[in-house]
Amino acid sequence: MVIVLMGVTGAGKTTVGQLLAAALDAEFAEGDAYHPPKNIEKMRRGIPLDDTDRWPWLEILSAQIDRWLAAGRTVVLACSALKQRYRDVLAKGRPDVRFVHLEGDKALIRLRLDRRRGHYMPAVLLDSQFAVLEPPADAITVDVTGTPAAIVADIMQRLG
């Protein structure tokens, strides 16, 4: 199974994802690690990615999901997956791909981004991420106001 933790930047995908992977005895994968360098540089400069930038990245992630599933691995993947068509590319209709949307208030997430250090994604891109976000109908949606441990417990309960 591949669980895609999705949401805007600063929602906690990496922190929650690492904890969730440990709780599931699964692997954790950071979707940002699969971005081409030009995408990282664009975001670092505060320029939002567009669909042209995202498609190659999504195709790479989709192929990686194929490899994980073929190998029988359980992976928690942190990936923004902001639009439904992005999630469609990642899922390809496979029932072994599940989405968990980390949802939070823009003010809370902006506060988290203002405190975050060492990440290339500047807080200035948060508005563009919320503008692009299409809340999923096909995901478990979890509020991120609690502690990471509480969020993981909620996800575990809802995954069954």
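The values are calculated or read from the model by the stated rules, or taken from the named source; none is laboratory data. Every value quoted in this text rests on a predicted model; they were computed, and no experiment measured them. A quick note on method: Cβ atoms are made from the backbone with ideal geometry, for glycine too, and the neighbour counts reach across all protein chains shown. In case anyone asks, the SASA skips ligands and DNA or RNA and just uses the protein heavy atoms, side chains included. Shrake-Rupley method; radii C 1.70, N 1.55, O 1.52, S 1.80 Å.
Take residue 89 and tell me if it is over 20 Å from residue 20 (Cβ atoms), out of contact with any strand residue (DSSP E or B) (no Cβ under 6 Å at 6 or more places or on another chain) and touching a residue at least 40 places away in the same chain (Cβ under 8 Å).
Values: over 20 Å from residue 20 (Cβ atoms): yes; out of contact with any strand residue (DSSP E or B) (no Cβ under 6 Å at 6 or more places or on another chain): yes; touching a residue at least 40 places away in the same chain (Cβ under 8 Å): no.
In short, no.
Pick out the one residue from 108, 82, 102, 77 that is open to solvent by 20 Å² or more (accessible area, probe 1.4 Å) and either within 20 Å of residue 142 (Cα to Cα) or out of contact with any strand residue (DSSP E or B) (no Cβ under 6 Å at 6 or more places or on another chain) (or both).
108
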Going residue by residue through the stretch 43-58, is there one that turns out to be touching a residue at least 40 places away in the same chain (Cβ under 8 Å), part of a helix (DSSP H, G or I) and either of a type outside the set (Gly, Ala, Ser) or touching a helix residue (DSSP H, G or I) at 6+ places or on another chain (Cβ under 6 Å) (or both)? yes
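Name the single residue, out of those in the stretch 123-159 being assigned to a strand (DSSP E or B) and of a type outside the set (Gly, Ala, Ser), that is least open to solvent (accessible area, probe 1.4 Å).
142
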